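> Just dropping this structure here.
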Amino acid sequence: MVKNVGSVVRWQVAKLALVQGMQAMSSAFFTCGVVFTGAASSDSLGLALVLMFKTLPTLVMAFLGGVLADRLPRKTLASGMLGGLAISYGVGTWVVQLSGLGWPVQAISLAAGIIGAVGSPALFALLPSVAPPEDIVRANGLIRTFRNAGSVVGPLLGAWLAQLISPSFLFLDGAVCLAVSMPLVLSLKLMPSCDDEANNNDDDASMISALRSIPSLFHTYIWLAVGVPFWALFLAVQSGATDVTMPLWVVQESGRGAWSLMASITSSGYICGSLIALKLERPRHMFSKSVLFGALAIMPIFVVGTLDIQVLWYVASFVAGLGLELSGVFWGSTMQTCVDKRHMGRVSSIDYAISFGLIPLAYGLYGFTGTIHAAVVLTVSSSIMIVLVIIVFPFCYLIDHRSNSSGIINSSDV
């Protein structure tokens, strides 16, 4: 009987991993379709606006998504998100052929951003409902392996399909991936203690009070009040330096091939990190390890800014990908094992909205650093990231050390 239960759990996690992989591939198809369309018409402004409109809703709408994930059936909400994205991508297939990256496609991108921001917390919050706490880390490893595979295969397949058919066809490919994912989510069998229909048994009396309760979660889970702002600042600096300043500098100094190789090696680091996570039991000090492994992302920023040795650039890129992946596994597992299931949707929305919400702003700020020598920008960025790690790590270790035997890290642990 135990074996049967175990096989059911593994199958449910595998289905959820496949859904996340398909979603990552659909996102890659959408991005490739937008980039290739913009490149064909030299429409850099249209490209920037489409990408901006798709990411900006994260900062606000994810909070609403977190509340909904705690009050509505998560399978229904997650599958609705996938369906809504599929429709928007499908419509984009035809609109982009008529207007390029003009305002109609920008409106579709904004709609997709809102739908994704509202539904993503529910999809994230499903994992603790299909996997027991002792298997969360390995389950996260499997899911992230599929997501990374989708992120790697998507651009390669998208480039081939765009060349074979057209860039607009990639929007339809993304819609198909999402449509296939919907029945997989609806077919998930949740653990008896995590009945999806019971999510609305919350103490909050209304949606408004549920939204108002979000700040109080920083008191309930005081580690969240440090972890989320840390990741918001850390990832903003890391993304601005890695995605804006560093590629321009590397391409100018060493050519497109060097940057493409760095990107591919980073992706291989992500995949290796997720494969390592598959072998992990539930480790101790997950909060601290998420910060330590995340700090490895500093390496390529520092090395490229200070050393003109390409071999070291490639090594640092692999280490960064490996570190960021394991960091994500440990951070996600910390939330999924240390947060009351009634609060999981709202906590995941806090993480989703704030941790990633500053990245679009960072892109804009780093865009204004073009007059400053890239080596200076990269060196200063890596220094800021090092200081952030030094400041927050003692707190992380203290929280991990004082966590109670039940695994719930809350305000009483400090």
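Computed from the coordinates by the stated procedures, all read-outs in this text should not be read as laboratory data. This one's a predicted model, so the numbers in the text were calculated from it and none came from an experiment. Glycine also receives a Cβ, built like all others from the backbone with ideal geometry; neighbour counts cover every protein chain displayed.
> With the Cα gyration tensor of the range 214-406 in hand, give its eigenvalues times 5 under a square root as the equivalent ellipsoid semi-axes, listed largest first in whole angstrom.
Details: eigenvalues 193, 69, 38 Å².
Square roots of five times the eigenvalues give 31, 19, 14 Å.
> All other residues with a Cβ under 14 Å from the Cβ of L85 taken together, and with Lys, Arg as +1 and Asp, Glu as -1, what is their net charge? Display every interim value, and only then the final one.
Numbers: positive: K54; negative: D173.
With Lys, Arg at +1 and Asp, Glu at -1, the neighbours total 0.
> By how many nm would the segment from I276 to V315 grow when fully extended, if each residue of separation counts as 0.36 nm and the alpha-carbon distance is taken off? Please list the in-between numbers first.
Details: separation 39, 0.36 × 39 = 14.04 nm, distance 1.80 nm.
My answer for the length gained is 12.2 nm.
> Shifting gears a bit: Can you give me the distance in nm between label points at F368 and V387, each placed 7 Å from the Cα along the Cα-to-Cβ direction?
Computed distance between label sites F368 and V387 equals 1.9 nm.
> FRET efficiency for V376 and Y397, Cβ-Cβ distance as r, R0 = 30 Å, nearest 0.05? Write down the numbers at each step before the final one.
Values: r = 33 Å, r/R0 = 1.09.
E between V376 and Y397, to the nearest 0.05, is 0.40.
> Please sort 114-126, 143-155 by packing, taking for each peptide the average over its residues of neighbouring beta carbons within 10 angstrom, highest first. Walk me through the intermediate numbers first.
On the way: 114-126: 26.1, 143-155: 21.1.
Result, highest mean first: 114-126, 143-155.
> Same structure again: By how many nm would the segment from L164 to R284 grow when fully extended, if each residue of separation counts as 0.36 nm and the alpha-carbon distance is taken off? Let's see the in-between values first.
Values: separation 120, 0.36 × 120 = 43.20 nm, distance 4.94 nm.
Stretched out fully, the L164 to R284 stretch lengthens by 38.3 nm.
> Please go through the residue pairs K189/K289; K75/K189; K15/K54; K15/K289 and name each one whose alpha carbons sit more than 21 Å apart in this structure. Display every interim value, and only then the final one.
Working: K189/K289 31 Å; K75/K189 10 Å; K15/K54 26 Å; K15/K289 28 Å.
From the list (K189/K289; K75/K189; K15/K54; K15/K289), the Cα-Cα distance tops 21 Å for K189/K289; K15/K54; K15/K289.
> What is the Cα centroid distance between the range 296-348 and the range 221-272, reported in whole angstrom?
Each part's Cα centre sits 9 Å from the other's.
> Sticking with this structure for a sec: Determine, from the Cβ-Cβ distance of T76 and L361 and an R0 of 25 Å, the FRET efficiency 1/(1 + (r/R0)^6), rounded to the nearest 0.05.
On the way: r = 33 Å, r/R0 = 1.31.
For T76 and L361, the calculated efficiency is 0.15.
> Right, another one. Write down the Å³ per residue value for the convex hull defined by the alpha carbon atoms of the range 219-330. Numbers along the way, then the final one.
On the way: hull volume 10.3 nm³, N = 112.
Considering the Cα atoms of the range 219-330, their hull volume per residue is 92 Å³.
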